[in-house]
Amino acid sequence: MRFLFAAALVIGAAYGQRGPTPYYEDTNNIPVSPEVRADGSVTFRLFAPKASEVVLMGSPGILEYTKKPMPLQKDDKGIWSLTIGPLPPGFYTYGYAIDGGLRMPDPSNPNLEVRRWGPTSSFIVRSGENSTIEERRVPHGSVHVEFYDSKNLDTERMVYVYTPPGYETAKAKYPVLYLLHGNGQIEASWTWTGRANVILDNLIADGKARPMVVVMPYGHVPREIKAVSPSPANDPAAIEKELLTAVKPMIESKYRVLTDRNHRAIGGLSMGAGQSMAIGLHNLDQFAYIAAFSGGGNRTEWEKADPAMLNRKLKVLWIGCGTEDPGYNGVKGMDELLTKMNVKHVWNQSGGGHSWPNWQVYFSKYATLLFRD
């Protein structure tokens with residue numbers, strides 16, 4: 001018995017069982033948050049007994065509903081809380097600012113938007129209908145993570161790749177969409193936050209989109225938003241070169257994708273919208289579809305382009321922006337330029353601002369137009 005007791009002490013020590021759980025690791029202090037109710041009202045909670053101010057915010061995320069940061073109230077147990085709503089069905093991001101600091105994620109919520117300048121939290125108010133952003137019992141595709149050594153940028157890079165349901169057992173080749181993120185996101189964002197894989201699973205199951213491979217690369221040169229030591233500049237030409245000479249050849253060698261321009265598309269949000277407009281315009285021999293979500297292209301470059309050539313080569317040129325988006329006037333200006341040039345394109349004006357709820361809808365609409373002939 002003494003031997004067993006001693007062994008138990010050794011094992012407990014080996015697994016870190018050396019005393020009471022530190023307060024900063026005590027899961028008993030984690031409240032339920034966010035609590036999303038059936039009527040769409042949502043309660044946020046945070047255990048922070050020594051804080052003097054906690055503010056609910058999102059940029060834009062939840063701010064599209066609240067319109068301004070909202071203070072939480074503290075109870076006698078040190079739990080801060082706030083109830084808002086009911087919210088319309090959809091996708092929301094939020095975070096807390098504590099005592100005037102930078103926004104941080106909700107420690108109660110494992111659902112994160114992983115951003116280039118730190119994660120924030122997310123949740124869905126469900127519609128009870130067949131929403132394209134909600135998981136359904138349909139055939140699911142796969143998401144692959146590819147690591148490669150970039151000789152152009154002298155660093156390791158990562159690419160997320162979606163393959164449609166049935167890809168692993170089929171022999172057919174598929175069309176391919178290169179889907180680019182914004183300035184604040186990373187290569188994982190279109191999957192973990194944008195839910196591009198969920199959207200495509202649902203659209204394909206509904207017969208509204210063709211099965212396709214989606215490639216989601218990293219859109220910056222440096223990894224960090226602020227590096228300790230000097231880092232290379234964010235050169236648009238370098239990103240274009242990386243996509244065309246490193247990412248695209250790797251995808252075409254490892255995945256069963258069609259390699260003619262009629263089965264290759266590009267699109268992106270915000271920064272990725274500008275990249276898509278530039279890369280697509282510079283390489284019309286390689287892309288027959290271009291989309292820009294909440295972002296525009298270089299007006300000077302597009303003004304110099306031959307409208308007849310654009311109409312002949314582009315099967316779909318798609319542009320969308322919300323009226324509350326800070327960049328709305330610039331994106332609308334691109335629509336007006338293309339209209340003046342008699343360049344065929346789709347203009348999608350919506351409500352809302354510079355946020356994932358719009359980008360998810362824009363992606364859903366663009367995807368249904370791809371590779372139809």
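Each value in this text was obtained by applying a stated rule to the coordinates, not by laboratory testing. This is a predicted model, so every value here is computed, not measured. Ideal geometry is used to build each Cβ from the backbone, glycine not excepted, and the neighbour counts take in all protein chains shown.
Highest GNM mean-square fluctuation among Thr300, Thr339, Thr155, for the chain modelled with Cα contacts below 10 Å: Thr300.
Once the Cβ-Cβ distance of Tyr148 and Thr259 is raised to the sixth power relative to R0 = 22 Å, the FRET efficiency obtained is 0.75.
Multiplying the residue separation of Trp117 and Gln349 by 0.36 nm and removing their Cα-Cα distance gives an extension gain of 80.6 nm. Protection proxy ranking of 347-354, 320-327, by the mean of other Cβ atoms within 10 Å over each peptide's residues and highest first, is 320-327, 347-354.
Taking label positions 7 Å along the Cα-Cβ direction at both Thr21 and Ala238, the computed distance is 4.4 nm, reported to one decimal. Each Cα pair under 8 Å and six or more residues apart adds its separation to the average, and for the stretch 250-373 the resulting relative contact order is 22 percent. The trypsin sites (Lys or Arg not before Pro) of the stretch 152-193 meeting both criteria, a DSSP state outside H, G, I, E and B (loop) and at most 15 other C-beta atoms within 10 angstrom of the site's C-beta, are Lys171, Lys173. Taking a ≥ b ≥ c as the square roots of the eigenvalues of the Cα gyration tensor of the chain, is the shape rounded (a/c under 1.5), prolate (a/b larger than b/c) or oblate? Here the chain falls in the prolate category. Close amide H pairs (under 5 Å, H built 1.01 Å from N) link Trp318 with Ile290, Ala291, Ala292, Val346, residues at least 5 positions away or on another chain.
The sum of -39500 (n - 2.57) across all DSSP H runs of n ≥ 4, divided by the residue count of the chain, sets its helix-only mean residue ellipticity at 222 nm to -7000 deg cm²/dmol.
Secondary structure note: in the chain, about 60% of the DSSP beta bridges are antiparallel. Give the calculated FRET efficiency between Glu129 and Arg223 to the nearest 0.05, with a Förster radius of 45 Å applied to their Cβ-Cβ distance. E between Glu129 and Arg223, to the nearest 0.05, is 0.70. For Ala205 and Asp99, a Förster radius of 51 Å and the Cβ-Cβ distance give a FRET efficiency of 0.60, rounded to the nearest 0.05. Peptide packing: for 100-110, 182-192, the average count of neighbouring Cβ atoms within 10 Å per residue gives the ranking 182-192, 100-110, highest mean first. Share of pairwise Cα-Cα distances greater than 20 Å in the stretch 288-365 is 28 percent (whole percent). Candidate cross-link partners of Lys254 among the lysines, defined by an alpha-carbon separation under 21 Å and a same-chain spacing of 8 or more, comprise Lys151, Lys171, Lys173, Lys241.
The relative contact order of the chain comes to 12 percent, based on Cα pairs under 8 Å that sit 6 or more residues apart.
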